[in-house]
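So the structure is just underneath, and the comments pick up after that.
Coordinate-derived values only; no laboratory data. Remember, predicted model here, so these are calculated numbers, not experimental data. Glycine also receives a Cβ, built like all others from the backbone with ideal geometry; neighbour counts cover every protein chain displayed.
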Amino acid sequence: MLSWIFEPDALLPVQVAHRRAVSGEERLMLAVLSDALSRYQKYAFAADGHGRRIFSEAEAWIGDRDREWPFSFENICDVLKIDPGYVRWELGEWRRRELALRANDLGVAPHLRRPFAAGS
């Protein structure tokens with residue numbers, strides 16, 4: 001489950017949360033988090049408008065520090081005992097690595113915009 005965004009020998013926080021997500025609410029929160037991470041990665045380099053919109057929505061949700069909504073990224077991470085800053089950092093690192101690989105394949109310098117720039 002999304003293990004390729006982290007180092008191969010690292011255990012994903014989402015995997016740990018999956019093992020301990022016993023209540024229905026926790027399973028739902030885990031599903032919401034997993035879906036957002038999947039969308040972020042699947043559409044990170046989308047060329048079409050639809051894919052870029054899906055990526056932007058996932059990036060905005062992950063980057064939002066709001067705690068007022070029960071299903072906010074911050075609250076879901078808190079309930080599942082996952083460090084939201086760590087997830088943001090790992091996603092940013094994954095995206096920069098992917099961008100560099102893609103740029104290298106094309107022989108161009110990558111544009112390294114920092115995701116989640118506001119206090120990441």
Between the DSSP loop rule and a limit of at most 12 other Cβ atoms within 10 Å, which GluC sites (Glu not before Pro) in the range 28-73 are left?
-> GLU68
Gain on full stretching of the segment that runs from ARG102 to SER38 - 0.36 nm per residue minus C-alpha separation = 21.1 nm
Would you mind putting 91-103, 42-54 in packing order, based on average other-beta-carbon counts within 10 Å, highest first?
-> 91-103, 42-54
Any idea what log10 I(q)/I(0) is at q = 0.19 Å⁻¹ for the range 11-106, Debye with uniform C-alpha scatterers and no solvent?
-> -0.92
